[in-house]
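So the structure is just underneath, and the comments pick up after that.
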2 protein chains.
Amino acid sequence: MRQQNLSTVLGQVHRAGQLSRAALTTSTGLNRSTIRTLVAELEQRHLVTEGDAVVTGSPGRPSPVVAARGDGAVVLAADVKVSRIIFAVVGLGGTVHQRVEVPLTDDSRGVAPTVDRLVELIGTALAESPDLHVVGLGVSVAGIVRVADGFVHLAPNLGWVDVPLANLLVDRLSGDLGITDLDVVIGNEADLGALAEHVRGAGSGTRDMVYVSGEIGVGGGIVVDGRPLVGRSGYAGEIGHMVVNPEGRPCHCGSIGCWETEIGQRALLRHMGWADGGDHEVVDAIMREASAGSQRALDAFAEVGTWLGIGLASLINVLNPQRVVLGGVFARAFSYLIDAARVEVDRRSLGPARAVTAITPATLGEDSSLVGAAEMAFTPVLADPTLLPLHDTDVDVAATAS
Amino acid sequence: MRQQNLSTVLGQVHRAGQLSRAALTTSTGLNRSTIRTLVAELEQRHLVTEGDAVVTGSPGRPSPVVAARGDGAVVLAADVKVSRIIFAVVGLGGTVHQRVEVPLTDDSRGVAPTVDRLVELIGTALAESPDLHVVGLGVSVAGIVRVADGFVHLAPNLGWVDVPLANLLVDRLSGDLGITDLDVVIGNEADLGALAEHVRGAGSGTRDMVYVSGEIGVGGGIVVDGRPLVGRSGYAGEIGHMVVNPEGRPCHCGSIGCWETEIGQRALLRHMGWADGGDHEVVDAIMREASAGSQRALDAFAEVGTWLGIGLASLINVLNPQRVVLGGVFARAFSYLIDAARVEVDRRSLGPARAVTAITPATLGEDSSLVGAAEMAFTPVLADPTLLPLHDTDVDVAATAS
């Protein structure tokens, strides 16, 4: 019971960044003395700090503010994209420290060089901050991932097939760095983007959300009644492979006319008459052309927007979400895509479902999968804060006695 | 706590029909004396009966069998289809009593004559069995339904628009029959079919299921992690309006190329070269032709099967279900459709998701929506069995003292 209550309080502070004790009392339904005791214990475990009292607007005395301690428990998070790895140390409350990017090329995005690079980044981060209490490593990969054991079935744009990534990392962390106590979790970039946008981004506060992210491929994540839709074996949300044009173009997955073939980066380049290849810099170039008034670029986005809307209509009819969050390319080029998309959504989705659906760009930018990887890595500590040791610090006696 | 435990025990007995006390002890985690007390109370509320002890195969004494009392609490259930109303009295445990069908014609399927007919059926059923304890009325409608207040937005094949069906029925039950204490709930036929197949049919035992039902239109219901996916406002599961052929045929919903336009009854008739119209008897006629070897009929089913498979591939990729249950036409014509459907599923769904998905015909036949309507109507009593009165019956003292 105490562990459950510690988890509830820490989870709320972690999501919000900071909350007054009075707000915690209201939101948890626990009484004031229980909250005071729980916060004191979380403080002794270096997970939160309690600051000055603030006036909350409600009757009664000013209430102390409880803040997630960004330098207490931290996780390491990495997002392995096609053209680069983004790596960061992320603290409780979502604070991103030491964010670095390293490019990946055709020569360096294979499994072995990527694992080398990740181990190097981890070693450097730990050497730079030996005092951090690192509780996990989360890695986002643009591929089909079995979360249970961190196995990557297929990451087509990285060229990876059947990679036991978590095991590879655990072995190397142990062998190269002598680290044997780090939980390593691997997730699909779109699932993690959805998680991050739901917890800290454009989906915050919704219980029924669809996240559609355009990178080179197209991924997604679905939140149903506040929880990620994982499906029977964890592969739900592969919305990029909905069939929208059955007589259309071949998809790398083996099917024909998947949504990805009409709204992925290749489709955009095709409409521009450009050769395939590149990553977000080519989308940026098309956006610059559109911004300068190039009809070809505007038409390319409108064509992709039309197909985006066709697929969104299907998802709205099947899932009846409260919010559709568009990430990656679709967030960056939102203003160029959305009008054409809305035409199809209005025409093809059922009125009662459409009436409750807001379509909105993601707000975490290119860090959404990174933030989601960190969230996933924090899961064990958030579930059981007693995993962190108690410290004999001088507890703020004034606060606990108030 | 007691109410919650009564609800748990009654729910398990209702789903299974009957269970030994020993099985209840195992499945609930409650101890034997608690189960004995709970069963005795449910018996006094006329919800279950306790029968002879049976040997369970596990060590210990033979354990008495607890059975749902089909003549205790009952609900009235109706399924308003395009060509007929199916009506029944359904007892706890799923026992169907007094099942009748009345035809609907172009003249009689309007709102007013349908409500007349329903009130008449209810009046007759109550007059025939005055001793039944009726706890609810559930009605299935082939349309878009707002469950919260039983409002039918649109039932295209009935020609209904914006019908406050629950309110109409409540008013008439009160005015015509003097009944003022009956909960009236309305549901979409496919949602209710999914519920029934999940509780008592081909989806029993699964936590992630997709139900696809072909009637004149195409509906569906989705179960995620054991619970119906309802979406933000209750309209999830309109899978008949996934866009599968965006340049295809107009759908009555206003879109083009909805799944329904390729796998609904109209598509089947189109492939046969037959005029549109009729209900399940025309499908039966096509099945007879197919069974007699008619290539045209076999090709018609294969064509529909192909499009069925295309849409199923999308649903498998998006939802990663454990079981896909095909109802209505797709269950009756399963053997004629499934080979063509599997070709597309195998080609278009992602291997890891497909590997865990079984595709299977529904097992409740044309009563699935009726059974689902009954299940929905039982919900309040299953949640709180103390809604039923205690009776001063001679409790089986031997059983409660054992």
Farthest towards the positive end of the dipole of the protein assembly as shown, among A:222, A:129, A:308 and with Cβ unit charges of +1 on Lys and Arg and -1 on Asp and Glu, lies the Cα of A:129
Roughly what would the spin-label model give for residue A:275 and residue B:347, points 7 Å off Cα along C-beta, in nm? 3.2
Can you list, shortest first and in nm, the gaps between the label point of residue A:3 and those of its counterparts in the other copies, using a point 7 Å from Cα in the C-beta direction? 3.1
Counting other chain Cβ atoms within 10 Å of each Cβ in A:345-354 and taking the mean gives 6
How large a share of the accessible area of the protein assembly as shown, in percent, is made up of carbon and sulfur atoms when the probe is 1.4 Å and the other protein chains stay in place? 51
Over the whole of A:226-233, what's the average partner chain Cβ count within 10 Å per residue? Rounded to a whole number, please. 6
Using only protein heavy atoms and a 1.4 Å probe, how much accessible area in total is buried between B and A, to the nearest 100 Å²? 3700
Rounded to whole angstrom, how close does the nearest chain A beta-carbon get to the axis mapping A onto B, and which residue is it? A:224, 3
Place a label point 7 angstrom from the Cα of residue A:44 along the Cα-to-Cβ direction, then list the residues of the range A:1-37 whose backbone nitrogen is under 12 Å away. A:37
Dipole of the protein assembly as shown, Cα-centred, from +1 at each Lys and Arg C-beta and -1 at each Asp and Glu C-beta, to the nearest 20 debye? 400
One decimal, nm, nearest first: from residue B:226 to the same residue in each other copy, label points 7 Å out along Cα→Cβ, the values are 1.6
Taking every other residue with Cβ under 13 Å from the Cβ of residue B:371 and scoring Lys and Arg +1, Asp and Glu -1, one gets -4
Residues with beta-carbon under 15 Å from that of residue B:167, excluding residue B:167: net charge, scoring Lys, Arg +1 and Asp, Glu -1? -3
Ignoring ligands, DNA and RNA, what accessible area per residue does the range B:202-363 give at 1.4 Å, in Å²? 34
Just to verify a number: what accessible area does residue A:180 come out at with the full protein assembly present, 1.4 Å probe, Å² rounded to tens? 120
For the range A:255-322, what log10 I(q)/I(0) values come out of the Debye formula at q = 0.15, 0.16, 0.19 1/Å, with one point per alpha carbon and no solvent? -0.53, -0.59, -0.76
Each residue of the range B:105-121 in order: what ³J(HN,Hα) in whole Hz does its phi give by Karplus 6.51 cos²θ - 1.76 cosθ + 1.60, θ = phi - 60°, with x for Gly and Pro? 10, 4, 7, 10, 9, x, 4, 4, x, 5, 5, 3, 5, 4, 5, 4, 4
Apply the Kirkwood formula to chain B: the hydrodynamic radius equals the inverse of the mean of 1/r over all pairs of different alpha-carbon atoms; give it in Å with one decimal. 22.4
Roughly what angle does helix A:165-177 make with the longest principal axis of chain A, taking Cα atoms, 0 to 90 degrees, to the nearest 10? 50
By how many nm would the segment from residue A:53 to residue A:15 lengthen if fully extended, with 0.36 nm per residue of separation less the alpha-carbon distance? 11.7 nm
Please label the shape of the protein assembly as shown as rounded, prolate or oblate, based on the square roots a ≥ b ≥ c of the eigenvalues of the alpha-carbon gyration tensor (a/c under 1.5 means rounded; beyond that, a/b larger than b/c means prolate, else oblate). oblate
Around residue B:303, what is the net charge, scoring Lys/Arg as +1 and Asp/Glu as -1 over all other residues with Cβ under 10 Å from its Cβ? -1
For residue B:120, which inter-copy label distances result when the label point lies 7 Å beyond Cα on the Cα-to-Cβ vector, reported in nm to one decimal and in ascending order? 8.3
With a Förster distance of 22 angstrom and the Cβ-Cβ distance between residue A:387 and residue A:34, calculated FRET efficiency to the nearest 0.05 equals 0.55
For the range A:203-363, just list the percent of Cα-Cα distances falling in each 10 Å bin from zero outward, please. 11, 41, 35, 12, 1
Buried by at least 20 Å² relative to the chain on its own: which residues of the range B:290-322 qualify, computing accessible area with a 1.4 Å probe on protein heavy atoms? B:310, B:314, B:317, B:318, B:319, B:320, B:322
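The values are calculated or read from the model by the stated rules, or taken from the named source; none is laboratory data. Since we're looking at a predicted model, the values are computed, not measured. When we count neighbours, we look across all protein chains shown, and the Cβ atoms used for this are built from the backbone with ideal geometry, even at glycine. When the accessible area is computed, the model is the full protein with side chains, heavy atoms only, and any ligands, DNA or RNA have been set aside. Shrake-Rupley method; radii C 1.70, N 1.55, O 1.52, S 1.80 Å.
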